[in-house]
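The values are calculated or read from the model by the stated rules, or taken from the named source; none is laboratory data. Since the model is a prediction, treat every value here as computed from it, not as a measurement. Cβ sites come from the backbone with ideal geometry, for glycine too, and all protein chains shown count toward neighbours.
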Amino acid sequence: MMEHDFFTFARALAQLANQGQTRRDFLCEASQMLLALTGCDEIELRGKDGRLLFRWEFRLQPGLHRHFEILTGVRNAAGRLLPCSNDDSAFEQLCCDVLSGSISAPASFLTEHGSFWTGDTSVPVKVILRANASHPAQMAHFGKEYQSLALIPFALSTEDVGLLHLKSRQPLFFTLEQIVRYEEIAQTLGMAMATRRTQAALHERNKELKCLYGIMQVAMRPEGALEEILQGIVRLLPPAMQHPECAAARIIFDKNSYLTRGFQESTPRLAADIVVGGLQRGSIAVTYWEEKDALESDTFLEEEQSLLDAVASQIALIIARQRAEREKAKLQEQLRHADRLATIGQLAAGIAHELNEPLANILGFAQLARKAPELPRQTEQDIEKIVASSLHAREIIKKLLTFARQVPPSKSEVDLNQLVTHGLYFLEARFAKQGVTLELSLTPNLPKITADATQLQQVLVNLAVNSLHAMPEGGCLTIKTLADEGHVTLVVADTGIGMSEEVKQQLFLPFFTTKDVGQGTGLGLPVVHGIVTSHGGTIHVNSELGHGARFTIKLPIGELPENEKSTNDEYF
Ligand code: ADP
């Protein structure tokens with residue numbers, strides 16, 4: 001072999017390694033190059049590739065033969081894991097000793113660097129096998145097929161070793177000088193194998209990073225619905241795998257599945273759980289629809305499992321973040337709504353105060369004027385109208401002040417169940433007339449609350465009357481009372497026309513009504529809102545157009561301090 005051949009070989013091998021090919025392609029090409037360079041009939045290579053210990057055979061004549069085998073490995077006295085199988089044959093132990101650098105054989109079979117070689121395999125060699133101290137000396141037999149062979153150890157990394165096994169059918173095929181040259185080649189081969197692995201790993205890491213980057217981009221889309229995000233993520237997974245051409249992925253989340261083409265339940269698969277807030281809400285799985293042999297690569301890499309775990313925690317984070325954002329938006333909307341209502345309340349209260357006095361004067365003087373003797377009939381009727389209109393205006397002002405919480409509740413102990421049964425008494429005739437059935441579901445022994453009974457009565461009547469309006473063709477009105485921690489709940493639900501989102505948004509604004517003039521003033525629900533909030537309670541509405549409405553009112557049970565108790569006749 002010429003110096004020139006050696007350099008050409010080394011350069012070609014380095015190029016091959018840098019391509020980051022699969023294990024199979026690299027071993028095939030490197031073996032062909034070795035056969036061409038050495039003129040041998042067969043190449044055997046042993047080594048460690050990642051976690052895998054293997055033995056690889058390759059020859060072209062007679063007919064292409066390649067054989068890949070995973071080895072269990074044998075630990076030598078120094079604790080190093082060697083690419084050998086655990087059988088007792090002297091040849092296998094010879095390989096172990098060559099790999100360990102502890103071989104002892106007649107000098108004519110050894111090189112200075114610990115390679116073993118022979119030009120006549122019909123002669124067994126007496127070797128001292130240090131790897132197995134119980135059989136210190138054995139005869140190694142080599143079989144009949146090859147006349148010459150060489151076992152050349154090389155380093156794959158600081159930890160790992162490999163073995164180049166050259167075989168020729170010709171006797172006395174090698175010279176010592178050649179073997180020494182091949183020792184250099186074997187070192188180059190070791191470096192190339194390590195480089196190939198690094199390159200392939202780099203290539204994989206690159207794909208994984210691309211996948212994670214893609215996930216970030218999908219998750220960052222502010223308007224992204226969860227379904228779209230998961231659909232986007234599942235599509236990013238197959239390209240991140242070692243064999244994207246036959247990989248398929250599936251994400252299951254809350255029983256919904258998001259799949260890519262070709263996903264099969266039964267094939268070998270990699271999986272990770274999606275855990276949100278300590279609860280398993282779903283899983284991710286990746287499969288190959290073609291079986292991959294170990295020669296090509298490990299079916300799944302350790303890093304791919306880490307990638308899947310990382311993707312699962314990303315999904316969990318996205319979900320947690322989305323929920324937090326939704327809650328934040330809802331809270332902000334509630335705050336905005338409360339703020340708007342408070343501002344309108346202040347305005348309404350201001351106007352109501354200002355109108356209260358002149359109105360009281362109008363009413364007072366009209367009532368005085370009515371008492372004057374011998375009034376003409378027409379004047380008397382006109383004064384009656386002034387009194388009636390003033391009383392109507394006074395009612396509106398009262399409602400506005402209630403909405404603005406300017407009518408403090410006059411509190412006493414109230415049994416909500418009793419209030420419901422008494423309060424609906426007057427409406428029962430109307431229910432019957434309109435074909436509305438009433439369903440009461442009152443929780444027995446409901447704790448008493450400290451509240452203004454008259455105001456709560458007003459709440460109940462306003463809600464019930466609205467429900468009646470919403471069920472012109474009849475229906476069912478359900479009234480429930482419930483008790484939970486610290487609260488009693490009053491639910492008023494109907495099977496009426498329901499409300500659009502737009503109506504729901506404006507429900508508590510004073511004078512908002514969808515009813516005809518004379519039918520509604522738009523003050524019923526603002527009054528309900530004012531009363532409930534002045535009792536420290538909350539009110540929630542669930543409704544869809546065409547599907548009825550449900551108002552849920554929660555009132556605190558707790559006793560209010562003495563000084564907060566007041567009467568409601570401050571203004572009227
Ligand atoms: P009004 O009844 O005088 O219109 P409210 O403040 O009581 O005033 O109600 C405002 C609006 O809310 C109503 O006009 C109606 O559109 C809607 N609404 C209230 N309760 C219901 C209900 N139970 N079903 C459907 N719509 C309702």
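All conditions but one from (1) within 19 Å of A338 (Cβ to Cβ); (2) more than 9 Å from the ligand (Cβ to nearest atom) apply to F511; the one that does not is (2). Annotation: P376 fulfils all but one of (1) closer than 28 Å to G522 by Cα; (2) exposed (fewer than 13 other Cβ atoms within 10 Å of the Cβ); the unmet one is (1). G114 satisfies every condition listed in (1) in contact with a Ser or Thr (Cβ under 8 Å, 6 or more places away or on another chain); (2) touching a residue at least 24 places away in the same chain (Cβ under 8 Å); (3) of a type outside the set (K, R) except (1). Scanning region 13-28 for residues that are surrounded by 16 or more Cβ atoms within 10 Å (Cβ to Cβ) and at pLDDT 85 or above returns L13, L16, A17, R23, R24, F26, L27, C28. No other residue among G496, G546, G536, G522 is in a loop (DSSP other than H, G, I, E, B) and more than 11 Å from the ligand (Cβ to nearest atom) apart from G536. Of all the listed residues (E265, E291, E333), the sole one being within 30 Å of V528 (Cβ to Cβ), acidic (D, E) and out of contact with any helix residue (DSSP H, G or I) (no Cβ under 8 Å at 6 or more places or on another chain) is E333.
Applying the criterion of being assigned to a loop (DSSP other than H, G, I, E, B) and at negative phi to the residues of region 258-275, the residue that is surrounded by the fewest Cβ atoms within 10 Å (Cβ to Cβ) is S266.
One line per residue, one yes/no per condition, for (1) modelled with pLDDT of 90 or more; (2) over 60 Å from the mean Cα position of the chain (by Cα):
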| site | (1), (2) |
| --- | --- |
| A131 | no, no |
| Q138 | no, yes |
| D160 | no, no |
| K167 | yes, no |
| E177 | yes, yes |
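Starting from region 79-103, take each residue that is at positive phi and list its partners that are surrounded by 15 or more Cβ atoms within 10 Å (Cβ to Cβ), counting only C-beta distances under 9 angstrom and pairs at least six apart or across chains. The qualifying pairs are G101/H113; G101/G114; G101/P153; G101/V161. The single condition among (1) part of a helix (DSSP H, G or I); (2) within 16 Å of L151 (Cβ to Cβ) that D5 does not meet is (2). Within region 55-104, the set of residues being part of a loop (DSSP other than H, G, I, E, B) and loosely packed, with under 12 Cβ neighbours inside 10 Å comprises Q61, P62, G63, L64, T72, A77, A78, G79, N86, D87, D88. In summary, S500 fulfils each of the numbered conditions (1) in contact (Cβ under 8 Å) with a residue 12 or more places away in the chain; (2) over 36 Å from the mean Cα position of the chain (by Cα) with the single exception of condition (2).
Do we find that K126 is within 22 Å of E57 (Cβ to Cβ), over 60 Å from the mean Cα position of the chain (by Cα) and at pLDDT below 90 in this structure? Spelling it out, it is not the case that K126 is within 22 Å of E57 (Cβ to Cβ), over 60 Å from the mean Cα position of the chain (by Cα) and at pLDDT below 90. Across region 367-413, what is the total count of residues that are acidic (D, E) and either in a helix (DSSP H, G or I) or in contact (Cβ under 8 Å) with a residue 40 or more places away in the chain (or both)? Residues in region 367-413 being acidic (D, E) and either in a helix (DSSP H, G or I) or in contact (Cβ under 8 Å) with a residue 40 or more places away in the chain (or both): 4 in total. Of the residues examined, L359 is one that is among the hydrophobic types (A, V, I, L, M, F, W, C) and in contact (Cβ under 8 Å) with a residue 24 or more places away in the chain. Of the residues in region 471-481, not one is among the basic types (K, R), at negative phi and in contact (Cβ under 8 Å) with a residue 60 or more places away in the chain.
Rundown of residues vs (1) closer than 17 Å to A493 by Cβ; (2) of a type in the set (D, E, K, R), yes/no style:
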{"position": "V517", "(1), (2)": "no, no"}
{"position": "G522", "(1), (2)": "no, no"}
{"position": "P526", "(1), (2)": "no, no"}
{"position": "G536", "(1), (2)": "no, no"}
{"position": "N542", "(1), (2)": "yes, no"}
{"position": "G546", "(1), (2)": "yes, no"}
{"position": "K554", "(1), (2)": "yes, yes"}
{"position": "I557", "(1), (2)": "no, no"}
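Considering region 416-470, and only residues there that are away from the ligand (no atom under 16 Å from the Cβ) and of a type in the set (S, T, Y), the residue that is modelled with the lowest pLDDT turns out to be Y425. Quick one: is E208 touching a residue at least 40 places away in the same chain (Cβ under 8 Å) and assigned to a helix (DSSP H, G or I)? Judged against the criteria, E208 is a match.
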